[in-house]
Structures are given as C-alpha cells and as structure tokens.
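Just so it is clear, none of the values below were taken in a lab; they were calculated from the coordinates. This is a predicted model, so every value here is computed, not measured. Backbone-built Cβ (ideal geometry, glycine too); neighbour counts: all protein chains shown.
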Amino acid sequence: MSEQVRYYEAVGRRKRAVARVRLYPGDGHVIINDKGLQEYFGRAQDWQGVTAPLQLTENEGRFNVSVLVKGGGITGQAQAIRHGVARALLLVDPELRSALRRAGFLTRDPREKERKKPGLKRARKAPQYTKR
C-alpha cells in the first residue's frame with residue numbers, strides 16, 4: 001500500500017539567502033512569501049530563473065510551487081529558489097539528476113561576501129596613498 005505524498009520539500013541556498021521550497025501537485029502557480037512570482041520579482045530575469053528547472057524537466061504545469069525565502073538580496077533569493085526547486089524535483093523523480101546537474105541547477109554556489117579587513121576601507125580597497 002503506497003502512501004500519497006502531499007508535497008515535496010527542499011531547501012536552496014545562495015549567499016545569505018535561504019529558500020524553503022514545496023512542490024504540490026497542481027497547475028503551475030508560483031507563490032513566494034505569499035505573493036505571486038511577477039509581483040515578488042520585478043525583473044523578468046529573476047522569475048525566469050526560478051522556473052528554469054521546471055521548464056528544463058518539462059514539469060512547468062504539473063506542480064504549484066510554494067516558497068518561504070529569507071535573507072540576501074533579490075538575485076540571491078531568486079537563485080536560492082532555483083536551487084531549492086531543482087532539489088525538490090529530484091525527490092519527485094531521481095532520474096532528472098543528470099539533466100539538472102548538466103544545467104548547473106544542483107550545484108550550491110559557494111561564493112560568499114568577503115569580510116572587511118582592519119586598516120582597509122572594504123575587503124580589499126586600501127585607503128588612498130598620499131606621498132606628501
């Protein structure tokens with residue numbers, strides 16, 4: 001007797017942004033922090049990135065996506081959601097791994113903000129040198 005799964009949940013991360021993504025069987029609605037996709041992300045580049053794993057695997061109309069995202073900036077949040085959607089799709093069908101891996105959607109981008117060093121203005125920018 002197989003139990004019916006209500007949703008597939010995964011976490012995606014990028015810089016300081018953390019996205020909790022749930023995929024529900026549905027007709028393709030994307031809700032981010034209780035707002036629609038285009039309402040939450042103003043730029044088309046960001047909302048196309050969010051749906052890219054669904055388009056790649058041809059699951060765009062099969063699932064409703066519900067996301068809780070915190071931290072980071074707008075683009076970091078969009079990439080964290082993309083990472084979470086890709087990881088949730090793996091729970092739906094493990095055979096999608098090679099396609100998602102080739103597209104780079106499963107790789108956690110390890111780059112973080114570099115810390116400010118003492119004596120410098122920012123992480124690497126030094127104060128202006130004056131000879132006299």
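Looking at 39, 58 in this structure, which one is assigned to a loop (DSSP other than H, G, I, E, B) and either without any contact (Cβ under 8 Å) to a residue 12 or more places away in the chain or touching a His at 6+ places or on another chain (Cβ under 7 Å) (or both)?
58
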TODO: Kindly indicate whether any position in the range 108-126 is outside any loop (DSSP other than H, G, I, E, B), free of Cβ contacts under 8 Å to residues at least 12 places away in the same chain and surrounded by fewer than 12 Cβ atoms within 10 Å (Cβ to Cβ).
DONE: no
Task: Number of the exception - residue 130 against (1) surrounded by fewer than 11 Cβ atoms within 10 Å (Cβ to Cβ); (2) of a type in the set (Val, Ile, Thr); (3) in contact (Cβ under 8 Å) with a residue 12 or more places away in the chain - done: (3)
Open item on the list: Anything in the range 61-80 that is of a type outside the set (A, V, I, L, M) and outside any helix (DSSP H, G or I)? List them, or say none.
Closed with: 61, 62, 63, 64, 66, 70, 71, 72, 73
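Does any residue of the range 62-85 turn out to be over 26 Å from residue 46 (Cβ atoms) and not β-branched (Val, Ile, Thr)?
Looking only at the range 62-85, we keep the residues that are over 26 Å from residue 46 (Cβ atoms), and these are none.
Taking every residue of the range 62-85 in turn, none turns out to be over 26 Å from residue 46 (Cβ atoms) and not β-branched (Val, Ile, Thr).
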TODO: Could you tell me which residue of the range 1-25 is surrounded by the most Cβ atoms within 10 Å (Cβ to Cβ), considering only residues that are more than 12 Å from the chain's Cα centre (by Cα) and over 12 Å from residue 88 (Cβ atoms)?
DONE: 25
Open item on the list: Being within 18 Å of residue 96 (Cβ to Cβ) and either exposed (fewer than 13 other Cβ atoms within 10 Å of the Cβ) or in contact with a Lys or Arg (Cβ under 7 Å, 6 or more places away or on another chain) (or both) narrows it down to one residue among 71, 42, 49, 28; which is it?
Closed with: 49
Open item on the list: Scan the range 34-52 and tell me whether some residue there is under 20 Å from residue 93 (Cα atoms), touching an Asp or Glu at 6+ places or on another chain (Cβ under 8 Å) and among the polar types (S, T, N, Q).
Closed with: yes
- [ ] Within the range 81-95, identify whether any single residue is crowded, with 18+ Cβ neighbours inside 10 Å, under 14 Å from the mean Cα position of the chain (by Cα), among the β-branched types (Val, Ile, Thr) and outside any strand (DSSP E or B), and answer yes or no.
- [x] yes
TODO: Filter the range 27-36 down to residues that are touching a residue at least 24 places away in the same chain (Cβ under 8 Å) and on the phi > 0 side of the Ramachandran plot and give me whichever is nearest to the chain's Cα centre (by Cα).
DONE: 33
